[in-house]
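Only one structure is covered here, and it is reproduced in the block below.
The values are calculated or read from the model by the stated rules, or taken from the named source; none is laboratory data. Computed from a prediction, not measured in an experiment: that's the story for all the values here. Cβ placement follows ideal geometry from the backbone for every residue including glycine, while neighbour counts extend to all protein chains displayed.
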Amino acid sequence: MAGPNEDQITQALKRVRDPASGQNVVEAGLISGLTLRNNHVSFTVEVPAARGPASEPLRKACEEAVNGVPGILSVTAVLTAHRERNTPPQGQGHGHKHGHGHDANAPVTRETGVPGVRSIIAVASGKGGVGKSTVAVNLALALSALGNKVGLLDADIYGPSVPRLLDIREKPETDGKKLKPIERFGLKAMSIGFLVDQDTPMIWRGPMVMSALTQMLTDVAWAPLDILVVDMPPGTGDAQLTLAQRVPLAGAVIVSTPQDLALIDARKGLAMFRKTEVPVLGIIENMSLFICPTCGTEHHIFGHGGARATAAELDCEFLGEIPLLPAIRETSDAGMPIVATRPHSPEAHAFLTLAKRVAAKLETSARPAPKIVIE
Ligand code: ADP
């Protein structure tokens, strides 16, 4: 017996009236992303941000209407509160090219979030070279190993490292509307390094940075994701501050080495996120101690415990420590991150422990990603 088809679903949806426009929800352009697979249906009900919370009954009505189509096994209707602008009907008006004429203010706001992405977390550091990107990649992989759908956005446009860390050399494809993230080890990844020649020096001015980054959030087919990990540019300058203000972050983790200097920088990072009201999920101490591969003795090359002490002092959680290990450097530099390629190693274990804490913190302390209802 032939199952239900998309036309029947659209017809069912046309019987649902959008109270704001008086039209049916299909004509009002509120339905997008309709997919029908093995008699399971999913779609998005997109409403302007201001109507977000009040639109739950509308979402339910859409779901019930489709549920009534004979042969349908399940319906998932997701409510997304769309940014305020003239929302084009599905498939129109969203295919602007990378690189010019883009209004950096329009696409994402802290209020609307990125549709289909549950939580966005930033991995930040007060300065470069502390292993932020290495931690970001392995943390993302560990969160994925815990059963989450995870994306990795390399926002370090000055020195993108995700192409190297995941050994990605191809260019992302586009479907005419959105760029497809490149998948590696189960992660969806996007980096400015995939789009531009890595040997070409680039000069980025502030607005260009934001424009590139908002495009990497909104013009990339991320959804559906549980967690999007953003590898932030190192430091606490203007670009970082704007990012922290503009990207709808559910929380941030700060990577630091035990050295005093790095810790001073970590404090700046912490202050920056607090200023922008982004919850800091905690501090991670990277390269915390060196365990001699031959004799097994622990050496505290950069000192030890500084991040834990700073975290306590600053009333911020200490999320854990990652030892300085040649295997981490070698696998990172070879594009074979240790969590993916040696999942049973003690190093991978350290990242998994970290990921569990981050996931738990996200559940409890971070504000929920706004106005997206999934049932
Ligand atoms: P950042 O993003 O902070 O600039 P990277 O992640 O690029 O830093 O790391 C800098 C260097 O340190 C890289 O060569 C990386 O492989 C190495 N590295 C990072 N963390 C560790 C670690 N825990 N043990 C050994 N090497 C590490």
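Any residue in segment 345-364 that is in the same structural domain as residue 226 (by TED's automatic domain parsing) sitting within a Cβ distance under 7 Å of a residue that is acidic (Asp, Glu) and surrounded by fewer than 20 Cβ atoms within 10 Å (Cβ to Cβ)? List the pairs, counting only those 6 or more apart or interchain.
Sorted first by the residue in segment 345-364, then by its partner, the pairs are 361/317.
When residues of segment 237-294 are filtered for being aromatic (Phe, Trp, Tyr) and within 21 Å of the chain's Cα centre (by Cα), how many remain? Lay out the reasoning, then the answer.
Residues of segment 237-294 aromatic (Phe, Trp, Tyr): 273, 290.
From the residues that got through so far, the ones that are within 21 Å of the chain's Cα centre (by Cα) too are 273.
So the answer is 1.
Quick one: which residue in 147, 129, 176 is assigned to a loop (DSSP other than H, G, I, E, B), more than 10 Å from the ligand (Cβ to nearest atom) and either touching a residue at least 60 places away in the same chain (Cβ under 8 Å) or within 19 Å of residue 265 (Cα to Cα) (or both)?
Working: 147 fails: either touching a residue at least 60 places away in the same chain (Cβ under 8 Å) or within 19 Å of residue 265 (Cα to Cα) (or both); 129 fails: more than 10 Å from the ligand (Cβ to nearest atom).
Only one candidate passes the filter, namely 176.
Across segment 279-304, what is the total count of residues that are surrounded by fewer than 21 Cβ atoms within 10 Å (Cβ to Cβ), touching a residue at least 24 places away in the same chain (Cβ under 8 Å) and more than 16 Å from the ligand (Cβ to nearest atom)?
Number of matching residues: 1.
Among the helices (runs of 4 or more DSSP H) contained in segment 298-349, which hold 2 or more residues that are in contact with a strand residue (DSSP E or B) (Cβ under 8 Å, 6 or more places away or on another chain)? Write out each step before concluding.
Numbers: elements: 306-313, 326-333, 338-341.
Those helices (runs of 4 or more DSSP H) span 306-313.
Identify all residues within segment 315-329 that are within 8 Å of the ligand (Cβ to nearest atom) and either buried (at least 19 other Cβ atoms within 10 Å of the Cβ) or not assigned by TED's automatic domain parsing to the domain that holds residue 138 (or both); write none if there are none.
Of everything in segment 315-329, those that are within 8 Å of the ligand (Cβ to nearest atom) and either buried (at least 19 other Cβ atoms within 10 Å of the Cβ) or not assigned by TED's automatic domain parsing to the domain that holds residue 138 (or both) turn out to be 322, 324, 325, 328.
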